[in-house]
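Remarks on the structure that follows.
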Amino acid sequence: MIYNDTTNKWQFVHHALFKMPKKGNNIHHKDFNYLNNEPDNLVEISKQEHSHIHMLYKNKNNKKFIESRNKAAIKNIIKYNKSDKHKETVANMNKDEDMIKLQHISRLSTIGKKLIILGYTLTEDLFINNRSKTKSKIGFNLPTIGIINKYFDSFNDFIQQSIKKQIDFSVEQNNVDILNRQKIIKESMLKMRRNSCCRIGKLVLEQGLELNEENYMNKRKELNTKCPRYDTILKYFDSYKQFEEGSKYYNHKIISKEYITLDKPVNVYCLTVDKYHNFAINLKDNNNGVFVKNCDADGIDYVIIWKV
């Protein structure tokens with residue numbers, strides 16, 4: 001596992017590589033080797049599909065793998081995954097059209113079951129003329145009628161499969177999901193508005209002008225931008241002082257970079273800083289310094305040298 005400083009939580013490597021799955025979904029390892037986190041080996045599917053696939057995999061002469069995994073015998077898992085028997089099993093499953101069709105049927109019937117729980121009647125018109133309108137109300141995508149007809153014998157077959165589908169879902173849960181998405185969108189819009197205000201403020205300050213309403217509005221007019229007016233800034237900031245501070249430090253830029261080669265090896269250490277996971281060192285000579293940011297998303301440590 002690795003630490004994600006964006007969410008301030010620990011997460012699995014395959015979640016970091018593939019990005020966090022949506023609620024109710026899992027990241028599936030195509031070759032059933034959870035140590036193989038190559039992007040091409042990862043796919044996002046529902047929890048129900050994931051459980052069903054592994055159940056079928058277990059029944060397909062893979063008991064040795066399952067037993068060793070349950071005992072947490074990592075060495076046995078790795079040994080088995082390198083065996084010709086395992087490679088042959090995975091190759092056959094990838095060619096198994098019935099398995100692929102089963103996955104799609106499970107995914108589509110899950111959507112159908114969610115719609116039923118939310119009080120919708122499954123009709124062809126719902127998936128032909130009302131997909132966008134319905135999505136805006138329920139918060140998740142609907143398949144096209146063509147996709148449904150591709151994997152089901154008929155639309156009535158899709159309805160019956162949806163009715164029979166067993167899922168962990170409720171109207172209350174979906175309402176919470178919608179509220180969470182709306183919260184994320186609201187926070188994103190607030191951040192976007194703040195950035196657009198600070199961009200104008202930064203340009204005013206760079207010209208050596210006072211950051212007041214007149215200079216702000218003149219710069220806004222000059223750039224012909226639709227960013228918030230000065231008299232609405234307090235909708236996005238707690239105070240004008242906060243706005244000025246944000247403008248002052250808006251969009252710091254890296255002006256150059258270089259690689260250095262050390263004459264001899266030196267010891268390095270791992271330093272964890274709570275919450276932000278970065279730190280700065282201000283050197284005495286001419287306010288030069290070092291800013292270190294750990295970016296676990298792609299495994300790269302950024303070291304930024306600043307000079308004033």
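Nearest 0.05, what FRET efficiency do Gln242 and Ser196 give at R0 = 22 Å with Cβ-Cβ as r?
On the way: r = 15 Å, r/R0 = 0.69.
With a Förster radius of 22 Å, E is 0.90.
Spin-label pair Glu124-Ser83: with each label point 7 Å from Cα along the Cα-Cβ axis, the two points sit 5.0 nm from one another.
Grab the beta carbon distance between Asn25 and Asn251, set R0 = 35 Å, and tell me the FRET efficiency rounded to 0.05. Show your work: numbers first, answer last.
Numbers: r = 35 Å, r/R0 = 1.01.
Efficiency for this residue pair is about 0.50.
The simple Förster model, with R0 at 51 Å and r as the Cβ-Cβ distance, assigns Lys135 and Met217 a FRET efficiency of 0.85. Computed from label points 7 Å out along Cα-Cβ, the spacing between Ser154 and Asp98 is 2.4 nm.
Which order do the peptides 123-132, 45-54, 107-116 take when ranked by the mean count of other beta-carbon atoms within 10 Å per residue, highest first?
Working: 123-132: 13.3, 45-54: 17.7, 107-116: 20.8.
Top to bottom by mean Cβ count within 10 Å: 107-116, 45-54, 123-132.
Cα-Cα over 24 Å: which of Lys47/Lys165; Lys183/Lys235; Lys47/Lys113; Lys23/Lys165; Lys183/Lys241? Intermediate results must be reported in sequence, preceding the final value.
Working: Lys47/Lys165 13 Å; Lys183/Lys235 17 Å; Lys47/Lys113 15 Å; Lys23/Lys165 18 Å; Lys183/Lys241 26 Å.
Listed pairs above 24 Å: Lys183/Lys241.
When the P(r) is computed for segment 184-248, the part past 14 Å accounts for 52% of the Cα-Cα pairs.
Where a number appears in this text, it was derived from the coordinates with a stated rule and is not lab data. Remember, it's a predicted structure, so these values are computed and weren't measured experimentally. When we count neighbours, we look across all protein chains shown, and the Cβ atoms used for this are built from the backbone with ideal geometry, even at glycine.
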